[in-house]
1. Has segment 129-141 got at least one residue that is surrounded by 20 or more Cβ atoms within 10 Å (Cβ to Cβ), touching a strand residue (DSSP E or B) at 6+ places or on another chain (Cβ under 8 Å) and closer than 22 Å to residue 18 by Cβ?
2. Considering each of 246, 250 in turn, give the residue that is more than 16 Å from the chain's Cα centre (by Cα) and within 16 Å of ligand 1 (Cβ to nearest atom).
3. Output the residues belonging to segment 309-321 that are in contact with a strand residue (DSSP E or B) (Cβ under 9 Å, 6 or more places away or on another chain) and either within 16 Å of ligand 2 (Cβ to nearest atom) or farther than 14 Å from residue 235 by Cα (or both).
4. Tally up the residues in segment 202-232 that are closer than 30 Å to residue 174 by Cα and either out of contact with any strand residue (DSSP E or B) (no Cβ under 7 Å at 6 or more places or on another chain) or surrounded by fewer than 24 Cβ atoms within 10 Å (Cβ to Cβ) (or both), please.
5. Where in segment 15-123 are there helices (runs of 4 or more DSSP H), lying fully within it, with 2 or more residues that are more than 23 Å from residue 351 (Cβ to Cβ) and more than 16 Å from ligand 1 (Cβ to nearest atom)?
6. Hey, can you tell me all the residues within segment 191-215 that are more than 17 Å from the chain's Cα centre (by Cα), free of Cβ contacts under 8 Å to residues at least 40 places away in the same chain and assigned to a loop (DSSP other than H, G, I, E, B)?
7. For the list (1) on the phi > 0 side of the Ramachandran plot; (2) surrounded by fewer than 24 Cβ atoms within 10 Å (Cβ to Cβ); (3) touching a helix residue (DSSP H, G or I) at 6+ places or on another chain (Cβ under 7 Å), I need the number of the one condition that residue 168 fails.
8. What are the residues in segment 396-425 that are part of a strand (DSSP E or B) and in contact with a helix residue (DSSP H, G or I) (Cβ under 8 Å, 6 or more places away or on another chain), if any?
Ligand code: NDP
Ligand code: 2IT
């Protein structure tokens with residue numbers, strides 16, 4: 001490995017001792033661009049890597065609110081503004097009890113390269129809270145979000161930092177954030193994306209991440225002269241990314257065999273039907289229920305405390321959360337001859353799991369490329385807001401397809417050796433060079 005990379009990695013480990021997810025994400029990117037950095041001495045000469053691994057700014061704040069029993073609750077709020085070399089900070093907000101600085105720094109770091117891959121002018125950021133939205137009433141969610149927005153509003157703006165959703169944050173939360181921001185700042189602007197269609201949202205944003213994942217999958221299959229029709233796909237998660245991935249898989253003739261949550265997996269041998277998907281969407285998005293409610297549904301096998309990774313299929317699309325595919329899961333998937341792993345979630349595969357896939361020559365597309373459709377349509381929402389326009393579903397969907405195709409092309413160009421595409425290397429080099437070259441052009445800042 002390149003000596004400069006080794007030194008920067010040692011420093012990252014030393015400086016961030018309690019941040020395993022952040023270190024994991026940095027290791028993954030830097031090791032895969034090692035050769036490229038050796039061939040391009042300007043990055044060492046400009047101290048590029050040590051600047052790139054340090055977020056530009058991190059805000060941490062107290063979020064006090066009063067629950068339905070009149071009891072004062074306090075949560076931690078964060079916004080990590082990672083990199084603004086190519087545009088305003090851009091990235092989601094996550095509400096989940098596991099949220100901490102390590103998780104948000106890894107997500108902000110990944111977001112920086114993902115956003116560069118979209119070809120839009122978007123910097124990288126991420127934020128959120130260790131607040132757990134599950135089981136809360138609408139009023140509790142609103143009170144929490146309004147308190148969170150009071151502090152967050154000081155740091156964001158349409159040309160500064162534009163948050164969106166992520167785990168635990170969807171249209172409802174973005175709506176409350178938008179309302180409170182408008183009230184605090186007297187400004188109706190494109191300061192958040194993933195907004196409802198009634199107040200400046202974009203068509204296709206809700207579906208964008210999942211649809212984009214499947215558009216990426218079709219690009220990968222076409223490159224290998226394969227078809228998606230009839231392919232059996234394991235999908236994990238049952239949130240925004242998972243369910244719209246399944247919707248597009250069904251539409252294009254593939255069979256989605258599973259959905260899951262943190263407690264269980266639903267397995268449908270012949271593939272989830274459109275009708276069942278609508279029922280699951282209702283359960284998750286309208287009633288905010290658990291998959292266990294479908295335990296006794298006919299045609300559905302309920303796998304208590306299990307993930308989808310033990311089931312035989314052609315393709316795995318993890319869409320739940322980071323490190324959900326362990327080394328053992330990867331071994332089982334490989335033994336069962338999985339051909340492709342397309343990451344819908346951010347860093348769902350552990351480093352050890354990735355090594356197993358690499359050794360077994362399994363086609364592996366990293367989240368920063370495969371799930372970039374969400375932030376890409378967020379970028380298109382910002383463009384529509386600036387122009388005071390709303391584009392049609394077809395227009396936005398066509399642009400999304402072309403962005404995903406362009407990301408695939410960049411990975412092929414930067415990651416092909418001897419007829420084989422290393423999608424991890426391709427994505428990291430393509431994203432890195434765009435951000436790094438912009439940083440060099442702007443001097444030491
Ligand atoms: P949602 O909140 O809509 O859904 C999350 C899903 O993942 C739920 O089914 C949830 O199950 C499951 N999950 C969450 N945490 C865990 C955990 N610790 N262990 C097991 N299962 C878990 O989130 P999204 O669909 O928006 O996000 C899913 C992934 O996609 C995340 O990695 C996110 O960063 C990434 N992503 C999201 C984008 C977006 O536009 N929304 C864009 C790009 C990436 P349960 O209810 O049991 O917790
Ligand atoms: O991880 C991600 O790319 C997102 N959660 C979406 C970010 C965005 O700004 O739309």
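What follows is calculated from the coordinates using simple rules that are stated; it is not laboratory data. Bear in mind that the values here come from a model prediction, so they are computed numbers and not experimental data. Methodologically, a virtual Cβ is constructed for each residue, glycine included, from the backbone with ideal geometry; neighbour enumeration extends over all protein chains shown.
1. Yes; the residues of segment 129-141 include at least one that is surrounded by 20 or more Cβ atoms within 10 Å (Cβ to Cβ), touching a strand residue (DSSP E or B) at 6+ places or on another chain (Cβ under 8 Å) and closer than 22 Å to residue 18 by Cβ.
2. Answer to the check: 246.
3. 317, 318, 319, 320
4. Qualifying residue count for the region: 13.
5. Ranges flagged: 42-45, 48-52.
6. Scanning segment 191-215 gives 191, 196.
7. Result: residue 168 passes all but (3).
8. Within segment 396-425, 416, 421 meet the criteria.
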